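The values are calculated or read from the model by the stated rules, or taken from the named source; none is laboratory data. Everything numeric here is computed off the predicted structure, so don't read it as measured data. For neighbour counting, all protein chains shown are included, and Cβ atoms are generated from backbone atoms with ideal geometry for every residue, glycine included. Heads up: the accessible areas ignore ligands, DNA and RNA and are worked out on the full protein's heavy atoms, side chains in. Shrake-Rupley method; radii C 1.70, N 1.55, O 1.52, S 1.80 Å.
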Amino acid sequence: MTTTRYDRHMYALMNDRRAAAVHANTTRRRLAVTAHVALTVVGVGAWIGTVFGPGWGPALVVAGALLPWVLLTGVLNGSTRGLLELRGRMLDERQLVERDRVRALAHRITLWLLVAAAIGAGAYSALADAPLRAAVTPVLVGVLAVHWMMPLWVAALRVQDELGEAEDEFADAP
């Protein structure tokens with residue numbers, strides 16, 4: 001299989017080490033994932049509020065959250081070196097196995113989230129004496145967003161520190 005100019009460009013972009021300091025160690029990657037999760041929750045919640053609620057205030061929240069969310073998505077993709085963004089032909093065997101593991105774990109997490117969402121929507125309908133359709137659409141939108149992002153979050157949390165970076169952390173230790 002031949003690589004295209006797009007493949008080479010994306011590979012170079014995902015393996016550009018100029019911003020590596022942002023995601024150089026586990027703590028920074030966890031912080032980036034936490035911030036990304038928070039921005040996703042805020043953005044999706046505001047989008048749901050825009051579509052299903054009155055007024056345009058939530059739309060401004062979506063607009064304000066979008067740029068930092070996109071930048072953090074780039075940080076997470078860079079930390080995984082494009083594990084989920086690159087085409088399979090650009091990954092080696094180890095990366096292909098890791099991508100399969102990440103997707104399987106993300107799938108299991110999302111499965112349990114769907115179970116919880118279904119139970120929660122049913123409980124809301126029963127306790128609030130509201131029609132189930134009032135809860136289902138916003139819940140499905142939220143779960144869809146999590147399903148979309150979960151592989152990236154799992155992949156970023158599973159990345160191991162590079163040997164050179166780990167040695168630098170211990171260089172200052174007595």
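All of (1) modelled with pLDDT under 95; (2) surrounded by fewer than 18 Cβ atoms within 10 Å (Cβ to Cβ); (3) farther than 23 Å from V141 by Cα; (4) not polar (S, T, N, Q) hold for G78 with one exception: (2).
Could you grab me the full set of residues in the stretch 1-25 that are in contact (Cβ under 8 Å) with a residue 24 or more places away in the chain, farther than 13 Å from G74 by Cβ, open to solvent by 60 Å² or more (accessible area, probe 1.4 Å) and under 21 Å from the mean Cα position of the chain (by Cα)? Scanning the stretch 1-25 gives a single hit, Y11. Candidates in the stretch 26-53 are the residues that are touching a residue at least 60 places away in the same chain (Cβ under 8 Å) and of a type in the set (S, T, Y); of these, the one that is most open to solvent (accessible area, probe 1.4 Å) is T26.
Among residues of the stretch 97-111 that are closer than 11 Å to H147 by Cβ, those with a beta-carbon under 6 Å from a residue that is of a type outside the set (D, E, K, R) and surrounded by 16 or more Cβ atoms within 10 Å (Cβ to Cβ) at least six positions away or on a different chain give the pairs A106/M150; A106/P151; A106/V154; I109/M150; T110/H147; T110/M150.
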